[in-house]
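Report on the following structure.
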Protein chains: 2
Amino acid sequence: MNAPFDEIASAFRKYESFCVMSHHRPDGDAYGSQLAVALCLRELGKEVVVWNEDGLLPKFAFLPHSELIHAPAEESERRSFDCLVAVDCSTFLRLGRPLRKLGEVKRTLNLDHHHTNERYGNVVHIADAPATGELLYELFAATDLPFTRAMAECLFVAISTDTGSFQYRGTSARTYEIAADLVRRGADVARLSQACYDTQPLRRTQLLREVLNDLQLSAGDRVATSAVSLAQAAALGLQPGDTEDIINHLRAIDTVQVAAFFEEMRVVSSGQPAVRTSLRSKSEAYDVSAICAQFGGGGHRLAAGARIGGTLAEVRERVTAAIHAALGAA
Amino acid sequence: MNAPFDEIASAFRKYESFCVMSHHRPDGDAYGSQLAVALCLRELGKEVVVWNEDGLLPKFAFLPHSELIHAPAEESERRSFDCLVAVDCSTFLRLGRPLRKLGEVKRTLNLDHHHTNERYGNVVHIADAPATGELLYELFAATDLPFTRAMAECLFVAISTDTGSFQYRGTSARTYEIAADLVRRGADVARLSQACYDTQPLRRTQLLREVLNDLQLSAGDRVATSAVSLAQAAALGLQPGDTEDIINHLRAIDTVQVAAFFEEMRVVSSGQPAVRTSLRSKSEAYDVSAICAQFGGGGHRLAAGARIGGTLAEVRERVTAAIHAALGAA
């Protein structure tokens, strides 16, 4: 059962101090939803803190009032709030390291669109929608909560990025209607879209070049793999989030059914090398979450991942073999 | 003065034989608009021919009834029609070589969204819209003309591709409302978007690799250039349209203000080498149509082009110098 919008709006009005959080490795839907909620609460005159494990990634500095987003200082005390609002975060633990700085909260609101959401918290609303931003739009539009132009811009970014610019399955007639209303409320489509999709740091373009130079096709061009080493990442000066979506360039090749991207990870305390592995499938017939599960990972049928022990070359070889086996069996 | 929709609908009903044409080097808006008009006319029981100089580019074979699109045979006689419907074509001559096969027509309809349209023809409607597909939507929605699911899919592709997936300036609240209605009429967003944006032949990915390997930055990373030679094009097996949009990868680098892409052209009868040059600007302050005008080309402030005599290296050097001069002067 989803909490009705009135109950959420009442909580926004009733309490005085709020902490708004979302998942680590944040994307446009995480940040956009955090800021939309925070800006609404500020309009109501509330005390609001916006925490994210990764602070503000520079790529999203264009979001209205993005300066509100930060990671709590390592040395700070735990801080208590009347109300924790968690947005776009399917499990409580994915809220990440900021949880260590969270003291007592009277009420936890869990507003999300992942159907795998664990339904943690006291007031839970998990929407059947392509973005948490779409749920928040419905909340703001259906209640008498404030709904400013800056909030509209944050929600536009949330919805646009989580639908791959209005392209992915799940993008509905309602999604486009909401976008229309957000534009009417002042969202600047061209400026926001250019910031989201058309403003890459040079190192991202250089990364794409290296990824394409390393492209390997196999199984009759049905499998595409590429990898980036720690040495390459250091030479390019890669930042967190830079490798995001790079795998789409492999997946986009028309003959490719399964794409795999391998990213060498910093050697941690265990002293063992490890590789962050992302898999994408184009077809329900090839379930990449099952392949990732063989290596201790998980995800969805068409998009999954795993962190796998071993060198870059070893992991690439083992995962590619597993993909070939899956294709052969299908 | 734009012809009212009723006048266009009356012409669709009154005449019996139609030829539907659009510009050469067709894009999604050209093809999508051609097919939407053709399918409407077929629903009305009319005799319809759909001509394009480039025939059907394989990339767009996914469009409903794309098999209707063809180039008239070189050896065929001129053919007369009651009515010529030209869509998304700003000048009569851009209809290209099929004009040589066009006999008498009683009436020419000119339906377009380029504000530079020369207003050729007897029934002219030039919409202030980001795509000709948007104009056709308004036509079909406002009149009692047939409006099938297949037509909705063609219009979705027309609008989506001409707005860069609902991102470019010009994408309005109305554009999103129209998309919502097209989805309600049966357009399959995910399937069409994947076909448009996520299905590249391998040679396109290889072309991108070569373009990135050739990337040159200058003027403090404010200018990005890249080039593709005839030898590269031959080695990759490039097809018409393959270089389309590649320049966006140069333009997307955050420091870049002006991007230039150079494509060596087949040596024609004159025996002189020539280079197809595309320029993009990110700022109204740098007018690339003025730069292209120096070389006999033209276009818009932010997107322009020219065909320039000379070798690839010569043209690249001359145009880059002209860009540097424009940046220095701004």
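The values are calculated or read from the model by the stated rules, or taken from the named source; none is laboratory data. The structure presented is a predicted model; accordingly, all values stated were derived computationally and were not measured. Cβ: placed from backbone, ideal geometry, glycine included. Neighbour counts: every protein chain shown.
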Just checking, which of B:F156, B:F166, B:F147, B:F140 is on the phi > 0 side of the Ramachandran plot, modelled with pLDDT of 95 or more and not polar (S, T, N, Q)? B:F166
Going by the structure shown, is A:I178 of a type in the set (V, I, T), in contact with a Lys or Arg (Cβ under 8 Å, 6 or more places away or on another chain) and on the phi < 0 side of the Ramachandran plot? no
Mind checking whether some residue in segment B:304-327 is touching a residue at least 60 places away in the same chain (Cβ under 8 Å), surrounded by fewer than 16 Cβ atoms within 10 Å (Cβ to Cβ) and in a helix (DSSP H, G or I)? yes
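Among the charged types (D, E, K, R) and over 20 Å from B:N2 (Cβ atoms) - does that describe any residue in segment B:113-128?
Within segment B:113-128 (the criterion being among the charged types (D, E, K, R) and over 20 Å from B:N2 (Cβ atoms)), the answer is no, since none of the residues qualifies.
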Every residue from segment B:101-146 that is assigned to a strand (DSSP E or B) and of a type in the set (A, V, I, L, M): B:L102, B:V105, B:L109, B:L111, B:V123, B:V124, B:I126
Can you tell me which residue within segment A:183-196, out of those that are crowded, with 18+ Cβ neighbours inside 10 Å and facing chain B (nearest Cβ under 7 Å), is nearest to B:S281 (Cα to Cα)? A:S193
Only one of A:P64, A:P72, A:P98 is part of a loop (DSSP other than H, G, I, E, B), touching a Cys at 6+ places or on another chain (Cβ under 9 Å) and surrounded by 18 or more Cβ atoms within 10 Å (Cβ to Cβ). Can you tell me which? A:P64
Across segment A:147-182, what is the total count of residues that are part of a helix (DSSP H, G or I), crowded, with 21+ Cβ neighbours inside 10 Å and either facing chain B (nearest Cβ under 8 Å) or not charged (D, E, K, R) (or both)? 15
Considering residues of segment B:262-288 that are in contact with a strand residue (DSSP E or B) (Cβ under 8 Å, 6 or more places away or on another chain) and within 14 Å of chain A (Cβ to nearest Cβ) only, the residue farthest from B:V228 (Cα to Cα): B:K282
Filter result for the condition that a residue is crowded, with 16+ Cβ neighbours inside 10 Å and in the same structural domain as A:E314 (by TED's automatic domain parsing), over A:R266, A:R276: A:R276
Condition first: more than 8 Å from chain B (Cβ to nearest Cβ), among the polar types (S, T, N, Q) and part of a loop (DSSP other than H, G, I, E, B). Now tell me which residues in segment A:197-238 satisfy that. A:S229
Criterion (among the polar types (S, T, N, Q) and over 23 Å from B:V183 (Cα atoms)) met by exactly one of B:T143, B:T108, B:T132, B:T148: B:T108
